[in-house]
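What follows is a set of notes on a single structure, which appears directly below.
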Amino acid sequence: MKKFAAGIVAASLMGVVMGSAVAAEPDRATGRLLDTLEYKYEIDEDGDYRLVFDMDNERTQLVFVRSNVETYGSNHVREIWSPGYKSASPQFPAQVANRLLEDSNDAKLGSWVKQGDLAMFVVKIDADASADVLSDAIDAAAKSADEIELELTSKDEY
């Protein structure tokens, strides 16, 4: 996948999705990993890394690498998010919800989550993961979200 800076309609998507309006500092270690991978990115108002990838068939896919680290017990988790579907209402149609559950079951990395009217593919990795692990997680999120977006909408919004 070719990398290029994001300049897309979804510029404030993560702020809306994550319910945050306060600017935050980006996680510099994540930035260094993305630089090592030679991925181009922008830092959004939440301090998250926003990337856009060229996909097959002249499509693009938006991916966010969250700066915020979640903790569960002794686990420190970084999340990689990619939008794949936007519902016309707050509730997903049953057929769409079931398709997302089926895709989550088939996914080797990550799964679908509902954030308001958006379906986001989320891959969770160790917060201290290597550049290779981060790259695999980004790739899995981008491919999974783009495939579902194409299947469910035939559009290339994200």
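Close Cβ contacts (under 6 Å, 6 or more residues apart or on different chains) running from residues in segment 53-82 that are over 23 Å from T153 (Cβ atoms) to residues that are basic (K, R) and open to solvent by 50 Å² or more (accessible area, probe 1.4 Å) comprise V77/K124; E79/K124. Residues in segment 98-111: is at least one loosely packed, with under 12 Cβ neighbours inside 10 Å, of a type outside the set (G, A, S), in a strand (DSSP E or B) and at pLDDT 95 or above? No, there is no match, as no residue in segment 98-111 is loosely packed, with under 12 Cβ neighbours inside 10 Å, of a type outside the set (G, A, S), in a strand (DSSP E or B) and at pLDDT 95 or above. Taking the criterion of being part of a loop (DSSP other than H, G, I, E, B), open to solvent by 80 Å² or more (accessible area, probe 1.4 Å) and either at pLDDT 95 or above or in contact with a His (Cβ under 9 Å, 6 or more places away or on another chain) (or both), the residues of segment 8-62 that qualify are E38, K40.
The values are calculated or read from the model by the stated rules, or taken from the named source; none is laboratory data. Source: prediction; values computed, not measured. Here the Cβ is made from the backbone with ideal geometry for all residues, glycine too, and neighbour counts use every protein chain on show. These area figures cover heavy atoms from the full protein model, side chains too; ligands, DNA and RNA do not enter into them. Shrake-Rupley method; radii C 1.70, N 1.55, O 1.52, S 1.80 Å.
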